[in-house]
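Have a look at the structure below before the remarks.
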Amino acid sequence: MARAGEPYHYDRTQRGFHWLMAALILVALGIGIYAAWQVPGTSPRRELLDLHKSIGLTVLLLLPLRLVYRLIAGEPAYRAPPSRSAHLAAKAAHASLYALMLLLPVSGYVYSAAGGYGLPWFGVLSFPRLVPVDKALSLAGYAAHYWIAWGVGIVLGIHVLAVAWHAWIRRDEVMGRMWPRRAARG
Ligand code: HEM
Ligand code: HEM
């Protein structure tokens, strides 16, 4: 419920987390798909996967900070509150995106760590191997990573289409909540 003087958009920190992590995830998705087509052990697959892992592990490090901040700051009020069902649908989509943002890098980590592969972070440091080297575990991690990536693709597609519908068809305030300069008309 809106209170007097309350801003109708996510604060600077939440917007920073959203757009930075969105960019990282979209780049990681692109690199992951491209690298998966390359022959294992060849260049540039190896270098691309090092970059892919570094970006993915960055997402994993940022996520808890974002979640703690989200729990403290909450979500902004709506000028014109949506119907209960629309709000519930948005909440469900956002909760799934948060869950997928955790499960995708964790499954990638298990795949690589249990496979005995490297866990580099931009050539600066190497992540610790917290699981045993185990072929079956690594294969399970790969299968999970593959299907969770599909899940991200689908939920993200719905997320972006929903935002586009709000921005261009309904022309309401939703895009302005995450991008305030694109303020709602009315
Ligand atoms: C690139 C295109 C994207 C656009 C245009 C976009 C736009 C938006 C907008 C307008 C909101 C606010 C919705 C509302 O208040 O009801 C939002 C929220 C959200 N978006 Fe995106 N987004 C994009 C990409 C992503 C990506 C790649 C992810 C992560 C996988 C993501 C995850 C989220 C989450 C979790 C929220 C809920 C924020 C919260 O309540 O804490 N978005 N997005
Ligand atoms: C935001 C995080 C991440 C996203 C969006 C993402 C997405 C993807 C996608 C779409 C693929 C292609 C899947 C296929 O077609 O086989 C892939 C492959 C891969 N990912 Fe990730 N990933 C992320 C994080 C990670 C992390 C943290 C690691 C390991 C530390 C990792 C390791 C790998 C590896 C090794 C492959 C190559 C699979 C193969 O062809 O053998 N990923 N990733």
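Here are the numbers:
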| item | result |
| --- | --- |
| Cβ-based exposure ranking for 131, 59, 68, 124, in which fewest neighbours within 10 Å come first | 124, 68, 131, 59 |
| Burial ordering of 13, 58, 42, fewest other beta-carbon atoms within 10 Å first | 42, 13, 58 |
| Degrees separating the helix 45-73 axis from the principal Cα axis of the chain, which is the longest one | 40 degrees |
| Relative contact order (%) - criterion: Cα under 8 Å, at least six apart; region: segment 12-178 | 21 percent |
| Between helix 135-164 and the chain: long-axis angle, C-alpha atoms, 0 to 90°, nearest 10 | 20 degrees |
| For residue 134, residues with placed amide H under 5 Å, excluding near neighbours | 115, 116 |
| Nearest-0.05 FRET efficiency for residue 102 and residue 168, computed from C-beta distance (R0 45 Å) | 0.90 |
| 0 to 90° range, to nearest 10: angle between helix 84-114 axis and the chain longest Cα axis | 20 degrees |
| Convex hull of segment 112-186 built on C-alpha atoms - directionally averaged projected area, nm² | 7.6 nm² |
| Label point distance in nm, residue 23-residue 86, each placed 7 Å from Cα along Cα→Cβ | 3.0 nm |
| Hull shadow area, averaged, segment 138-178 [alpha-carbon convex hull, nm²] | 3.2 nm² |
| Volume of the Cα convex hull of the chain, divided per residue and given in Å³ | 139 Å³ |
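Read-outs throughout are calculated quantities, based only on the coordinates presented, and are distinct from any laboratory measurement. The model shown is predicted, which means the values in this text are computed figures rather than measured ones. Neighbour counts are summed over all protein chains in view; Cβ atoms, including those assigned to glycine, are modelled from backbone coordinates with ideal geometry.
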